[in-house]
Amino acid sequence: MHKIDIPREEKEAFRGVLIALNNAGIRYVVGGAFAMHQYTGIWRYTKDLDIFLLPRDVERALDLLARLGYNTRMEDYHWLAKAFRRGYMIDLIFGEGNWLHQVDEVWFQRSQPREVLGVPTRVVPIEEMIWSKAYIADRTRFDGADVMHLIQFSEGKLDWKHLLDRFDKDWELLLCYLNLFRFVYPSHKNYVPDWLMKELIDRLRKDLKKPAPKEKICRGTLLDRLSFIHDVEEKGYVDAREELATALGYSVSDVMAERRWAAKRAHRKELHVA
């Protein structure tokens, strides 16, 4: 297992946050680089601490961090808040940027008790970690290697039924990653149970016999909010996030605002490259 190597002051700052959350009784689970280290032994210095919590607990956590001297703000009202102090950053994550889901009770029920930086705490369930990372596949960040390593280091000892249920109608994406795992680690293809591959392939066979949907839908925006803007804005595809946002109590206009932001960002990046 690689050693966690971060500056001492940063380590103490993160420890202070975890201890304060524990003392305040605010429920949370640790994700990000620290959870990856717990499950795989791989350490990647990201200069932040990812805290996952229920949407209803975000304001309490922000108030607590403000009292600790952090500057706080709601970054994206449907999934992310941030806290800063002397270059240290805390991400308070309560959903997904693509409106796929919000953190629910299952994250806590299935979380694992561990020590992070010497503080007793709990880390994100490995299945939820795989599920969440599977949708991070854009032009600047692809978490596929993390998904591969989580399966590899666990030797496939996962609750595959639960993971299949989590992916739900996006089972094709799970099949994609499992095929990728077999490609990356051919000597470990047995880590993925035969029943699961057969189930997914059977679904694919049945789907091949169905006619294509008449409605032009683009699910690429669930993976990359920059690269598929053209499909939605110029080619007339329906943004798959609109239905998800509505189900969570947001509106289509919220997704449209996100697209406008992404379009401006994409334009700036193109100008920079040029």
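Working note: Debye formula, equal point scatterers on the alpha-carbon atoms of the stretch 8-124, no solvent; log10 I(q)/I(0) at q = 0.11, 0.17, 0.23 Å⁻¹ is -0.32, -0.80, -1.56. Binning the alpha carbon pair distances of the stretch 96-199 at 10 angstrom intervals from zero yields the distribution 13, 46, 32, 8, 0, expressed in whole percent.
With N residues in the chain, what two-decimal value do you get for its Cα radius of gyration over 2.2 N^0.38 Å? Don't skip to the end; give the middle numbers.
Numbers: Rg = 19.7 Å, N = 274, 2.2 N^0.38 = 18.6 Å.
That works out to 1.06 for the chain.
Exposed loop sites here mean GluC sites (Glu not before Pro) with a DSSP loop assignment and at most 12 other beta-carbon atoms within 10 Å; the chain contains its longest site-free run at 1-154. When both the stretch 204-225 and the stretch 98-121 are represented by their alpha-carbon centers, they are found 31 Å apart.
Given the convex hull over the Cα atoms of the stretch 73-124, what projected area results after averaging over all orientations, in nm²? All intermediate terms of the calculation are to be shown ahead of the outcome.
Numbers: hull surface 18.6 nm².
Averaged projected area of the stretch 73-124's Cα convex hull equals 4.6 nm².
Provide the convex hull volume over Cα atoms per residue for the stretch 217-273, in Å³.
Output value, Cα hull per residue: 70 Å³.
For a quick protection proxy, order the peptides 117-125, 15-23 by their average other-Cβ count within 10 Å, most packed first.
Details: 117-125: 19.4, 15-23: 16.9.
Per-residue mean Cβ counts within 10 Å order the peptides as 117-125, 15-23.
Projected onto its three principal axes, the C-alpha set of the stretch 178-261 covers 46, 29, 27 Å, listed from the longest axis down.
A short reminder: the numbers here are calculations on the coordinates, not readings from a lab. Remember, predicted model here, so these are calculated numbers, not experimental data. So basically every Cβ, Gly included, is an ideal-geometry build from the backbone, and we count neighbours across all protein chains shown.
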